[in-house]
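The values are calculated or read from the model by the stated rules, or taken from the named source; none is laboratory data. Because the structure is predicted, anything quoted here is derived from the model rather than measured. In this analysis, Cβ positions are derived from the backbone assuming ideal geometry, glycine residues included, and neighbour counts consider all displayed protein chains.
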Ligand SMILES: [Zn+2]
């Protein structure tokens with residue numbers, strides 16, 4: 001709802017933003033001033049809504065990021081090498097298969113030795 005107060009504020013804001021625009025505004029017919037003012041008023045309303053939504057979105061993004069971090073942490077703890085049972089933070093690298101099986105860099109290295117005939121496959 002447009003009041004004289006909001007009208008005055010909008011015109012003042014416009015004048016502050018650009019004096020040339022304000023001078024042109026002053027030359028308009030009253031009916032067109034009213035149209036322009038209600039347009040500007042709607043624009044200000046939309047900007048306020050936009051700011052509220054941006055704030056809300058920022059809060060949601062932070063919440064989602066926190067939830068994701070917790071989930072990733074939980075998953076990180078659950079991931080262990082399917083061969084030696086070591087946790088992700090106990091080895092340098094861990095590769096996971098689409099099936100959910102995982103293998104650590106140490107077991108990959110042992111496999112390499114086995115294939116090359118340098119080890120018998122028993123973990124020391
Ligand atoms: Zn392993």
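Remarks
- Number of the exception - residue 120 against (1) surrounded by fewer than 14 Cβ atoms within 10 Å (Cβ to Cβ); (2) in contact (Cβ under 8 Å) with a residue 12 or more places away in the chain; (3) more than 13 Å from the ligand (Cβ to nearest atom): (2)
- For first residues located in the range 1-23 and assigned by TED's automatic domain parsing to the domain that holds residue 38 and exposed (fewer than 10 other Cβ atoms within 10 Å of the Cβ), partners that are modelled with pLDDT under 70 and part of a helix (DSSP H, G or I) and lie 6+ apart or on another chain with Cβ distances below 7 Å do not occur.
- Any hit, the range 66-85, residues being at pLDDT 85 or above, away from the ligand (no atom under 11 Å from the Cβ) and either under 30 Å from residue 7 (Cβ atoms) or assigned by TED's automatic domain parsing to the domain that holds residue 12 (or both): yes
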